[in-house]
1. Checking the conditions here, which among 411, 405 is within 30 Å of residue 311 (Cβ to Cβ), out of contact with any strand residue (DSSP E or B) (no Cβ under 7 Å at 6 or more places or on another chain) and surrounded by 15 or more Cβ atoms within 10 Å (Cβ to Cβ)?
2. Tell me, yes or no, whether the range 238-245 has at least one residue that is closer than 24 Å to residue 340 by Cβ and part of a loop (DSSP other than H, G, I, E, B).
3. Being crowded, with 17+ Cβ neighbours inside 10 Å, touching a strand residue (DSSP E or B) at 6+ places or on another chain (Cβ under 7 Å) and farther than 21 Å from residue 128 by Cβ, is that true of even one residue in the range 156-174?
4. Pick from the range 212-237 the residues that are surrounded by fewer than 23 Cβ atoms within 10 Å (Cβ to Cβ), touching a residue at least 60 places away in the same chain (Cβ under 8 Å) and in a loop (DSSP other than H, G, I, E, B): which of them is farthest from the ligand (Cβ to nearest atom)?
5. For residue 89, are the conditions met, namely being touching a residue at least 24 places away in the same chain (Cβ under 8 Å) and within 16 Å of the ligand (Cβ to nearest atom)?
6. Can you spot a residue in the range 251-268 that is modelled with pLDDT of 95 or more, away from the ligand (no atom under 12 Å from the Cβ) and assigned to a helix (DSSP H, G or I)?
7. Does the range 247-256 hold any residues that are buried (at least 24 other Cβ atoms within 10 Å of the Cβ) and touching a helix residue (DSSP H, G or I) at 6+ places or on another chain (Cβ under 7 Å), and which are they?
Ligand code: F0G
């Protein structure tokens, strides 16, 4: 058997036609959407790399599981299957299903975080940050400095800066309700966190008597990176590594729309029964009874099966390698990206590609719009639109990086789709000097990037 080509470890079972809007249709769509790619319709997009969240293809076993989904309101069989799989994976005893990750965050933060608190993490993703700020607390990003340097190559650029975490804990112990860590670090280029770093966080949390919560949406991809990059893990299975990661934390919030391989779903898991009881009370208020938590019984089946399949070595090897393949292709053509390539996405460094556009004119948004205009490829801005801080009297405080994320849905696109994306990226990069910026004409008070309206400056 040839060893060099890593094939998709699945066959296509059901197909979905891709729309092929022409240039004029794309131009009209951009105008209608006010240059916000969240405003596009599915049929206006050729290759959709907006997100890897809930967009993947489910397996025959997941669909089969949906047929045996039990819709009993209280005490559903599907809940007990889901609970068993999550307990076996995470080792946590209290398992609370939610409709997606941000619902788990909202509930946990409502119980644990208060006005004036500081919640450190490597980098909070948009919904975690917004849910913490909604509690009037501070979401503090403490990724190691190399994690903010796109071109710097290191195996675990998602690691927390442990010295900075110690300083925060020593200065603000009274005000730190828990420490978080996002695996992999989505806003920082999908970079993994090492087991050594997770152990370091655990030790500091023990020293300062603060709980440690993992944002574990992409736990399996992180486990694979540990297996192939960290000493001592080559012979361990992804499941053993994932279990060790969870064993270092006191709880986790998870969006099952990523490594749960499901289209919807999430959960919150902890060991502390008192915290769990308070969370379940809120769950009943906003999500549903604790044995379904905002999901249908069939969704619980799909997530349970997805959490098993995602740890398959052939799948993870293909997954990480196929994302890296896109990274290699565009990098070879001189397009600056976050290196090494992340687990679920290629992140183009718009600051390096479009140095003539200042942060308050949103270079990464300008690039994302251009990728759509050129080839119907939809990515997402992860820069000042998403994370900048609007000011009353002057330009936004800029985000640390200006990135366009091309997130690859799981088990969905083939190599030729990815070759096409590379061609589009390279085509746009060749005329980078001609691209100009944008200004905001309308925005919401939080998570503004989802709904804001923009206008081209030139
Ligand atoms: N944490 C991380 C690291 C995430 O990437 C996301 C979602 C969430 C929490 C929230 O989960 O969407 O199920 O409520 N990220 C998606 C993305 C939306 O495109 O990266 P959710």
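The values are calculated or read from the model by the stated rules, or taken from the named source; none is laboratory data. What you see is a predicted model, and the numbers here were worked out from it, not measured in a lab. All Cβ positions, glycine included, derive from the backbone under ideal geometry; neighbour counts span all protein chains shown.
1. On inspection, the qualifying residue turns out to be 411.
2. no
3. Within the range 156-174, none of the residues are crowded, with 17+ Cβ neighbours inside 10 Å, touching a strand residue (DSSP E or B) at 6+ places or on another chain (Cβ under 7 Å) and farther than 21 Å from residue 128 by Cβ.
4. 237
5. no
6. no
7. 252, 253, 254, 255, 256
Yes/no per residue for (1) assigned to a loop (DSSP other than H, G, I, E, B); (2) over 30 Å from residue 88 (Cβ atoms); (3) touching a strand residue (DSSP E or B) at 6+ places or on another chain (Cβ under 7 Å); (4) modelled with pLDDT of 95 or more:
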residue: 295; (1), (2), (3), (4): yes, no, yes, yes
residue: 300; (1), (2), (3), (4): no, no, yes, yes
residue: 304; (1), (2), (3), (4): no, no, no, yes
residue: 315; (1), (2), (3), (4): no, no, no, yes
residue: 318; (1), (2), (3), (4): no, no, no, yes
residue: 321; (1), (2), (3), (4): no, no, no, yes
residue: 330; (1), (2), (3), (4): no, yes, yes, yes
residue: 367; (1), (2), (3), (4): no, yes, yes, yes
residue: 372; (1), (2), (3), (4): no, yes, yes, yes
